[in-house]
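> Next up is a structure, given as structure tokens.
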Amino acid sequence: MSELSVNHLLGIKYLNKKDIELIFETADHFKEVINRSIKKVPTLRDITIANIFFENSTRTKLSFELAEKRLSADVINFSASQSSVKKGETLIDTVNNILSMKVDMVVMRHPNPGAGIFLSKHVKASIINAGDGAHEHPTQALLDSYSIKEKLGDVGSKNVVIVGDILHSRVALSNIFALKLQGANVKVCGPKTLIPKYIESLGVEVETNLKKALEWCDVANMLRVQNERMDVSYFPTTREYTQQFGVNKTLLDNLNKEIVIMHPGPINRGVEITSDVADSNQSIILEQVENGVAIRMAVIYLLASKIK
Ligand code: CP
């Protein structure tokens with residue numbers, strides 16, 4: 001039987017192409033399961049998973065919890081803002097206390113890059129990174145590629161542009177790793193101040209003209225400006241940002257082809273994307289969210305089969 005090359009999902013950087021193919025094949029099966037009238041399988045009845053979130057989340061937290069419940073795992077949820085972290089308890093102490101309650105797997109979102117990697121070296125549990133600062137968000141990149149494959153039949157050789165705040169985006173970095181592994185051509189587009197200097201070393205081209213980027217691509221993945229990670233201004237005003245890097249219906253209608261529009265969420269309507277684009281037939285934003293459950297079921301199932 002095929003298995004993942006890793007015992008934790010800490011980042012796409014640590015996966016190979018076969019891992020991604022295996023996750024997608026497994027997700028195909030679970031997507032079929034969650035579209036049945038009985039959406040649940042007994043596969044992980046003997047597994048307990050802790051979802052520990054040190055940062056806000058809507059999609060990722062709910063999607064993981066649903067994926068775990070669909071697999072019949074026991075689930076506990078931990079929110080740092082309501083916990084003894086507020087009394088000074090460390091990350092390792094917190095997690096080791098949770099693990100003493102016989103927890104097998106930890107899904108963690110944390111504001112610090114590398115938090116999942118650090119944890120994996122200090123605790124005895126399988127760790128899934130649900131977003132670590134501006135570093136990686138591996139399950140988001142997996143569900144994004146899976147959604148492109150579902151929509152266009154393949155990811156390899158497709159032209160994908162990631163637009164917006166690349167500098168602060170874990171979604172951008174994980175997507176770049178995942179897309180390049182699968183043979184896609186990747187460009188990033190945004191204000192120069194929001195594009196890291198090292199980006200071209202990842203095999204990615206920079207395009208600062210949004211119209212040119214959209215004319216080139218098959219898929220545009222629109223990102224939110226992450227104001228919460230900025231302590232200085234990276235562009236003059238939001239209005240000017242939107243004029244240069246926001247996607248709207250007129251821009252799309254003036255292209256000579258129909259491109260696919262993606263967004264990991266949360267959306268800032270009217271800033272990086274207008275409502276008529278977000279809610280159009282070209283947008284697969286809600287399909288991304290739907291696929292997130294199947295992808296997370298696949299990741300949890302494949303990692304759990306390594307600890308049994
Ligand atoms: N895409 C994403 O990570 O959304 P949340 O922050 O709501 O989980």
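The values are calculated or read from the model by the stated rules, or taken from the named source; none is laboratory data. Just so we're clear, the structure is a prediction, and the values are computed from it rather than from any experiment. Backbone-built Cβ (ideal geometry, glycine too); neighbour counts: all protein chains shown.
> Working only within region 198-214, note down all residues that are within 15 Å of Gly164 (Cα to Cα) and not hydrophobic (A, V, I, L, M, F, W, C).
The answer is Glu205, Glu207, Thr208, Asn209, Lys211, Lys212.
> Same structure, new question: Please work out if Ile117 is modelled with pLDDT of 90 or more and surrounded by fewer than 17 Cβ atoms within 10 Å (Cβ to Cβ).
no
> Limited to region 80-108, what total is found for residues that are assigned to a loop (DSSP other than H, G, I, E, B) and either among the β-branched types (Val, Ile, Thr) or surrounded by 10 or more Cβ atoms within 10 Å (Cβ to Cβ) (or both)?
Counting residues in region 80-108 that are assigned to a loop (DSSP other than H, G, I, E, B) and either among the β-branched types (Val, Ile, Thr) or surrounded by 10 or more Cβ atoms within 10 Å (Cβ to Cβ) (or both) gives 5.
> Additional query: Any residue in region 32-60 that's touching a residue at least 12 places away in the same chain (Cβ under 8 Å): show its pairings with residues that are assigned to a strand (DSSP E or B) and small (Gly, Ala, Ser) at Cβ separation under 8 Å, as long as the two are six or more apart or on different chains.
Asn51/Ala130; Phe53/Ser79; Phe53/Ala130; Glu55/Gly131; Ser57/Ala130; Ser57/Gly131; Thr60/Ala130; Thr60/Gly131
> Taking the criterion of being under 27 Å from Ile34 (Cα atoms), surrounded by fewer than 15 Cβ atoms within 10 Å (Cβ to Cβ) and within 16 Å of the ligand (Cβ to nearest atom), would at least one residue in region 59-69 satisfy it?
yes
> Related question: Being among the hydrophobic types (A, V, I, L, M, F, W, C), more than 16 Å from the ligand (Cβ to nearest atom) and within 30 Å of Leu286 (Cβ to Cβ), is that true of even one residue in region 74-82?
Yes; the residues of region 74-82 include at least one that is among the hydrophobic types (A, V, I, L, M, F, W, C), more than 16 Å from the ligand (Cβ to nearest atom) and within 30 Å of Leu286 (Cβ to Cβ).
> Looking at region 33-58 only, could you name the residues that are away from the ligand (no atom under 13 Å from the Cβ) and of a type in the set (Val, Ile, Thr)?
Of everything in region 33-58, those that are away from the ligand (no atom under 13 Å from the Cβ) and of a type in the set (Val, Ile, Thr) turn out to be Val33, Ile34, Ile38, Val41, Thr43, Ile47, Thr48, Ile49, Ile52.
> Of all residues in region 258-287 being within 16 Å of the chain's Cα centre (by Cα), of a type outside the set (A, V, I, L, M) and surrounded by 13 or more Cβ atoms within 10 Å (Cβ to Cβ), which is farthest from the ligand (Cβ to nearest atom)?
Of everything passing the filter in region 258-287, Glu287 is farthest from the ligand (Cβ to nearest atom).
> Let me ask something additional. Which pairs do you get when a residue that is in the same structural domain as Asn56 (by TED's automatic domain parsing) and closer than 22 Å to Arg296 by Cβ, found in region 112-134, comes within reach of a residue that is away from the ligand (no atom under 14 Å from the Cβ) and acidic (Asp, Glu), reach meaning Cβ atoms under 9 angstrom, with the pair 6+ apart or on two chains?
Pairs found: Ala125/Asp104; Ser126/Asp104.
> Given the criteria within 16 Å of the ligand (Cβ to nearest atom) and surrounded by 14 or more Cβ atoms within 10 Å (Cβ to Cβ), does Glu228 qualify?
no
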